[in-house]
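Heads up, the thing below is written out as structure tokens.
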Amino acid sequence: AQIVLNTHAEATFLIPDVTKVLSVPDLLQLYMQPAVVALAEKIETDLLNLYSQFTANAPVGTIGTALTEAVIDSAETALFQAKVPASSPKYLVCDGNSYSALRQIPRFSEFRTAGEAGLRALVDGTVGKIKDFYVFRSQFVAKTGSSPVATHNLAFARDAIGLVVRRLPQPLPGTGAIAEYAELGNFGMRVMMSYQPNTLAQQFTVDVLYGAAVLRNSHGVQVNS
């Protein structure tokens, strides 16, 4: 499969008194964190919008209907029949309403039937793992149509989706801008600082160049609700 790095996302903000901010780490985090979160949300949205490219397996679930244990079981069965290795971790990413429906299934939310996992669902509100899926909720699950709205939750194995990030270059010397990189493993962002004469403030830009694509079509399935 080919992944094209065709998305450049950036978040820019100004700091009038940069000396004060750099001397107090908590203030720097106050400015930087919203920018990084905005880029992470953009990447998460693009990943979840890949749902329509998973066509090898028939979608499970009914539009406008809450998720049930049977639907989750069907999704896991579809991945098994697609020869997803049993040792490969599998994930289910769903919206808030679907997540709420799952943690209200009595068999998974009561200590007498689910043990410690049921207690966590009841007290902490976390689903954890159902039918071999690690379950996560996201505010950026794709939704289409109206009356009813189609929610495109996604069940997939680890190698179903690829995300590639490329390190952006340093700014040209002598232009007055400097850059550093915030990286973890193979993923990272560039943080660039320059002077903005129109506002008499330091301008910070956090940006990233990335691409996302479906790598193994058969290793994902749409879970509609």
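Taken together, the values in this text are just the output of simple stated rules run on the coordinates, not laboratory data. Everything quoted here is computed from the prediction, not taken from an experiment. Virtual Cβ from ideal backbone geometry, glycine too; neighbours counted across all protein chains shown.
Things worth noting here:
- Listed values for the range 24-29 are Karplus-derived 3J(HN,Hα) couplings in whole Hz (6.51 cos²θ - 1.76 cosθ + 1.60, θ = phi - 60°), namely 10, x, 5, 5, 4, 5, and x replaces Gly and Pro.
- Shape call, the range 120-225: gyration tensor on alpha carbons, a/c limit 1.5: prolate
- Taking the chain as a Gaussian network of alpha-carbon nodes connected by springs under 10 Å, the highest mean-square fluctuation of the residues L67, L200, L215 belongs to L200.
- Treating r as the C-beta distance of N217 and V164 and R0 as 22 Å, the FRET efficiency rounds to 0.80.
- Taking the C-alpha atoms only, the angle from helix 69-81 to the longest principal axis of the chain is near 80 degrees.
- Candidates A142, A35, A213: whichever shows maximal mean-square fluctuation once the chain is modelled as a Gaussian network with Cα springs under 10 Å: A35
- A simple rule links phi to the HN-Hα coupling: the Karplus curve 6.51 cos²θ - 1.76 cosθ + 1.60 with θ = phi - 60°, which for the range 179-184 gives 9, 9, 10, 9, 10, 9 Hz, with x for Gly and Pro.
- Normalised size of the chain, defined as Cα radius of gyration per 2.2 N^0.38 Å with N residues, equals 1.25.
- Residue-wise HN-Hα couplings along the range 90-99, as the Karplus relation 6.51 cos²θ - 1.76 cosθ + 1.60 with θ = phi - 60° gives them from phi, are 10, 10, 10, 10, 9, 7, x, 5, 5, 4 Hz; Gly and Pro carry x.
- MRE, 222 nm, helices only [DSSP H, n ≥ 4, -39500 (n - 2.57), over the chain, to nearest 500]: -8500 deg cm²/dmol
- Cα gyration tensor, the range 168-207 - rounded (a/c under 1.5), prolate or oblate: oblate
- Here the spin labels are modelled as points 7 Å beyond Cα on the Cα-Cβ line, and at I178 and R107 they lie 6.0 nm apart.
- Gyration tensor verdict on the range 1-66 (Cα atoms; rounded if a/c is under 1.5, prolate if a/b is larger than b/c, oblate otherwise): prolate
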